[in-house]
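Structure record follows, encoded as structure tokens.
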């Protein structure tokens, strides 16, 4: 996977400013942060669910 360097980040930042303007950037960043946080929380919940299923399967295997 290609790494993103400083020149690429600068271009992305300039495009972001041109698209949203300087007044809307804080709100957009807040929304992006909330979206990432929600995504991480949902992944954490699914990971715990898979671990629980794995433990149940281990118990079933030990019984057999």
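Some values worked out for this structure:
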read-out	value
Hey, residue 35 out of contact with any helix residue (DSSP H, G or I) (no Cβ under 6 Å at 6 or more places or on another chain) and on the phi > 0 side of the Ramachandran plot or not	no
Options 60, 34; residue that is surrounded by 10 or more Cβ atoms within 10 Å (Cβ to Cβ) and either assigned to a helix (DSSP H, G or I) or in contact with a strand residue (DSSP E or B) (Cβ under 6 Å, 6 or more places away or on another chain) (or both)	34
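Values quoted throughout were computed directly from the atomic coordinates according to the rules given, and no laboratory measurement underlies them. Values in this document were obtained by computation on a predicted structure and should not be read as measured data. So basically every Cβ, Gly included, is an ideal-geometry build from the backbone, and we count neighbours across all protein chains shown.
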